[in-house]
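Note sheet for the following structure.
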Amino acid sequence: MKGLALVIGAGGIGSQIAQDLDKSESELEVVLCGRKKNFPSFWEFDIEDNNSFENLKNKIHNHPKTLRLVINATGRLHSKTLQPEKRLQHLERDNLLESFSINSIAPILLAKTIEEFIPKNSAFNFASISARVGSIEDNKTGGWYSYRAAKSAQNQLLKSLSIEWSRKFPFAIISLLHPGTVNTNLSKPFQRFVPENKLFSKEKASKHLIDIIKTQKPSNSGQFLAWDGSHIPW
């Protein structure tokens, strides 16, 4: 890889991906974008702030290198006010809006922001972390209404975008990636339900995701893939 890489989201997975790309790809300038600075090359970015998207566009415009890779590593399962719903009566409008804002609206707005910088004659990768629970066909237990629906919406939005970009940018690749259950703050309240061999370290998850991204081709664009490269049903 050669050029500029942006990792959006300075949480556990995003920070690890930025570190690993920086070590393994000497010709790639890696910038971590988020709310907290924990990486040498850092741009402040807030996925809930419209002005932040415009600021990001200006920073890319002023950067001398060609944009080569964008990884969206943002996501929200819970917060002080948001918790995964166990049944219908737990649903609240504000929780639905919060989950959709972070997990589906932000990724497509990020794609809109970086579109004008996508090279038409060379490779470009846009990868976004989704979740297996966003699969409608794979839903066997129910619950988690907001998070499931928001991740499903992200999948639909980016699948549609992959079709549009295939016409505009023949070398562009969009990947929707499920990292598995990773030992981060996002999963921490629910880890007691996860078998020990199914709880991945940040390092392991990062390696899996980077390996997938590096092997994708334009003909693979728009796929929903698990950490091991297997296809997840929509």
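The values are calculated or read from the model by the stated rules, or taken from the named source; none is laboratory data. What you are looking at is a predicted structure, and each value in this text was computed from that prediction instead of being measured. Positions of Cβ are backbone-derived with ideal geometry, glycine not excepted, and every protein chain shown enters the neighbour counts. Each accessible area value is taken on the protein alone, full model and side chains, heavy atoms only, with ligands, DNA and RNA left out. Shrake-Rupley method; radii C 1.70, N 1.55, O 1.52, S 1.80 Å.
Determine the relative contact order of the chain: mean sequence separation of Cα pairs under 8 Å and six or more apart, normalised by residue count, in whole percent. Rounded, it is 19 percent for the chain. Computed over protein heavy atoms with a 1.4 Å probe, the accessible surface of segment 39-171 works out to 54 Å² per residue.
Too long at a 20 Å Cα-Cα cut-off: which of LYS36/LYS214; LYS37/LYS80; LYS151/LYS217; LYS159/LYS217? Checking Cα-Cα distances, LYS36/LYS214; LYS37/LYS80; LYS151/LYS217 exceed 20 Å. Selection among ILE163, GLY34, LEU177 by position relative to the dipole of the chain gives LEU177 as farthest towards the positive end (Cβ unit charges, Cα centre). GNM on the chain, C-alpha springs below 10 Å: top fluctuator among LYS168, LYS207, LYS57? Ranking LYS168, LYS207, LYS57 by mean-square fluctuation puts LYS168 first.
Proximity of backbone amide H atoms, modeled 1.01 Å from N, is registered between TRP144 and GLU85, LYS86 at under 5 Å, excluding neighbours fewer than 5 places apart on the same chain. Computed 3J(HN,Hα) for segment 68-84, one whole-Hz value per residue from the Karplus formula 6.51 cos²θ - 1.76 cosθ + 1.60 where θ = phi - 60°, is 10, 8, 10, 10, 8, 10, 8, x, 9, 9, 8, 8, 4, 10, 10, 9, x, glycine and proline marked x. Charge tally for PHE171 (other residues, Cβ to Cβ under 11 Å; Lys, Arg +1; Asp, Glu -1): +4.
First select every other residue whose beta carbon is under 15 angstrom from the beta carbon of ILE232; then total the charges, Lys and Arg +1, Asp and Glu -1. The answer is +2.
Comparing mean-square fluctuations of ASN72, ASN125, ASN220 from a GNM of the chain with C-alpha springs under 10 Å, the top value falls on ASN220. Under 19 Å of direct C-alpha separation, and excluding same-chain neighbours fewer than eight residues apart, LYS23 reaches these aspartates and glutamates: GLU203, ASP211. For the chain, with all protein chains in place and a probe radius of 1.4 Å, 50% of the accessible heavy-atom surface sits on carbon or sulfur.
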